[in-house]
Amino acid sequence: MSHDHSSCGHHHGPQHIYIYSPSSAVRDKAAFKRGIARLKALGHEVEVDTDALASHTRFAGDDATRLAAIHRAAASGADVALISRGGYGLTRILPGIQYKKVAKAIEQGMKFVGLSDFTAFQSAVLAKTGATTWAGPALTADLGVDGEPDDIMLACFDDLLTGHGEGAGWRMDKEKPHADGRPAVPDVYVKSAPLWGGNLAVLASLVGTPYLPEAKGGILFVEDVNEHPYRVERMLTQLLHAGVLARQKAVVLGQFSNYQLAPHDKGYKLQSVVDWLRTQIKAPVLTNLPFGHVATKVLLPVGQQVSLSVEGRDALIYWGHAH
């Protein structure tokens with residue numbers, strides 16, 4: 001991450017953070033409390049939505065309750081609207097979201113932050129309004145961990161709060177070169193392209209709906225959890241056959257965590273999926289973006305124009321200020 005804090009004109013001091021639950025019910029109340037305490041300890045003003053701990057079967061309240069929570073978040077005047085957790089629940093309420101209200105809140109400076117199931121909200125907001133949201137932490141899983149939260153995640157979150165966030169740099173996986181000696185990932189420079197993506201399962205579920213952004217000439221990033229590599233490949237195949245991947249300038253793979261290979265795989269693994277994908281599309285396929293259902297995660301502006309550069313194994317996505 002870039003941490004050049006010498007530039008001026010940034011908004012410092014405590015931020016108003018609104019916590020709400022648009023997806024699954026919060027089951028880990030201790031993590032919820034720890035996350036709020038941690039944000040307060042960092043000096044922020046934390047406002048908790050009245051239904052943040054609501055529960056209706058597996059959801060954080062019924063559909064109407066969760067829609068109302070989203071609209072209260074948008075109307076709160078907060079600097080940041082942060083989800084309590086992901087899970088499942090947003091895709092079923094996408095038609096009821098008042099996108100103009102959300103876009104107006106974003107225009108006035110609000111940053112909607114989240115990941116996982118929140119990809120549905122982010123994709124829909126981008127498709128309907130073109131507004132930018134942020135792929136980043138959730139309250140319970142990231143800020144509410146027992147012990148110290150990841151320092152890179154905290155630094156990136158702080159950069160977002162203070163207006164310093166300018167990019168995310170990382171090292172890609174070490175990969176064998178092609179048979180003719182060419183590197184697995186060529187050096188790449190994309191000057192300006194819309195960044196979009198998030199959870200792969202959620203994105204695949206939006207294909208054929210009005211909630212998947214067009215994102216022509218985009219940079220698509222994807223991650224997932226508890227998904228065997230063949231399932232990852234199947235979802236990528238759906239995006240491929242729907243014509244989504246052919247429209248991208250680059251595909252960036254984040255973290256695919258918490259899956260188990262089986263004896264039946266006989267050497268088929270996540271790298272097999274990466275190798276296959278590269279035979280299917282012209283755009284470069286990058287690996288190891290620090291984002292997903294893992295402790296170390298960067299924050300990414302979904303819908304914003306970004307630049308991308310790759311030199312050897314070093315990759316950088318950057319936005320905002322002149323470089």
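Once Lys and Arg get +1 and Asp and Glu get -1 on their Cβ, which of Ala131, Phe112, Ala179 lies farthest toward the positive end of the dipole of the stretch 86-198?
Ala131
From the Cα gyration tensor of the stretch 17-144, with a ≥ b ≥ c the square roots of its eigenvalues, which class applies: rounded if a/c is under 1.5, or else prolate if a/b is larger than b/c, or else oblate?
Oblate, since a/c reaches 1.5 and b/c is not below a/b.
At a Förster radius of 45 Å, what calculated FRET efficiency corresponds to the Cβ-Cβ distance of His264 and Arg92, to the nearest 0.05?
After rounding, the FRET efficiency stands at 0.85.
Placing one identical point scatterer on every Cα of the stretch 198-317 and ignoring solvent, what is log10 I(q)/I(0) from the Debye formula at q = 0.12, 0.18 Å⁻¹?
Debye intensities relative to I(0), on a log10 scale: -0.43, -1.00.
With +1 on the Cβ of every Lys and Arg and -1 on the Cβ of every Asp and Glu, and nothing else charged, how large is the dipole of the stretch 1-125 about its Cα centre, in debye rounded to the nearest 20?
It comes to approximately 260 debye.
I need two numbers for the stretch 245-316: Rg to one decimal and Dmax as a whole number, Cα atoms only, in Å.
Spelled out, the Cα radius of gyration and Dmax of the stretch 245-316 are 14.1, 43 Å.
Take each of the peptides 37-46, 297-306, average the number of other beta-carbon atoms within 10 Å over its residues, and list them starting from the highest.
In decreasing order of mean packing, 37-46, 297-306 become 297-306, 37-46.
Compare the Cα positions of Leu261, Met235, Ala250 along the charge dipole of the stretch 198-262 (+1 at Cβ of Lys, Arg; -1 at Cβ of Asp, Glu; about the Cα centre) and return the one farthest towards the positive end.
Positive-most Cα among the choices belongs to Ala250.
Which of the residue pairs Lys104/Lys282; Lys176/Lys282; Lys174/Lys266; Lys40/Lys297 have a Cα-Cα distance greater than 30 Å in the structure shown?
Lys104/Lys282
Using a 1.4 Å probe, what is the accessible area per residue for the stretch 18-111, in Å²?
45
What is the stretch 27-74 by shape, rounded, prolate or oblate, if you read a ≥ b ≥ c off the alpha carbon gyration tensor as root eigenvalues and call it rounded for a/c under 1.5, prolate for a/b larger than b/c, and oblate otherwise?
Oblate.
Name the shape class, rounded, prolate or oblate, that the alpha-carbon gyration tensor gives for the stretch 88-142, where a ≥ b ≥ c are the square roots of its eigenvalues, rounded holds for a/c under 1.5, and otherwise prolate holds if a/b is larger than b/c and oblate otherwise.
Taking the square roots of the gyration eigenvalues as a ≥ b ≥ c, the stretch 88-142 is oblate.
Could you let me know the centre-to-centre spacing of the stretch 283-323 and the stretch 237-268, using Cα atoms, in angstrom?
18
Rounded to the nearest 500, what is the 222 nm mean residue ellipticity of the chain from helices alone, with -39500 (n - 2.57) per DSSP H run of 4+ residues and division by all residues?
Theoretical 222 nm ellipticity from helices: -8500 deg cm²/dmol.
Per the 1.4 Å probe, what fraction of the accessible area of the chain, in percent, lies on carbon and sulfur atoms?
Whole-percent figure for carbon plus sulfur exposure: 52.
Tilt of helix 29-41 relative to the longest C-alpha principal axis of the chain, in degrees (0 to 90, nearest 10)?
Value to nearest ten degrees: 80.
Could you give the accessible area per residue of the stretch 188-323, probe 1.4 Å, as a whole number in Å²?
Ligands and nucleic acids excluded, the figure is 43 Å² per residue.
Would you mind checking the tilt of helix 151-162 against the longest principal axis of the Cα atoms of the chain, expressed as 0 to 90 degrees and rounded to 10?
Orientation of helix 151-162: about 60 degrees from the principal axis.
Working only with C-alpha atoms, what are the Rg and Dmax values of the chain, expressed in angstrom?
Reported Rg and Dmax, both Å: 19.1, 61.
With each pseudo-label sitting 7 Å past Cα toward Cβ, what's the Ile152-Thr279 distance in nm, one decimal?
Each label point lies 7 Å from its Cα, and together they span 3.1 nm.
What's the magnitude of the charge dipole for the chain around its Cα centre, counting Lys and Arg as +1 and Asp and Glu as -1 at the beta-carbon? Answer in Debye, nearest 20.
780
Just how far, in whole angstrom, is the stretch 50-94 from the stretch 12-32 if you go by their alpha carbon centroids?
Each part's Cα centre sits 10 Å from the other's.
The values are calculated or read from the model by the stated rules, or taken from the named source; none is laboratory data. Here the structure is a predicted model, which is why all the values come from computation and not from measurement. We place every Cβ from the backbone using ideal geometry, glycine too, and count neighbours over all the protein chains shown. Ligands, DNA and RNA are excluded from the accessible area calculation, which covers all protein heavy atoms including side chains. Shrake-Rupley method; radii C 1.70, N 1.55, O 1.52, S 1.80 Å.
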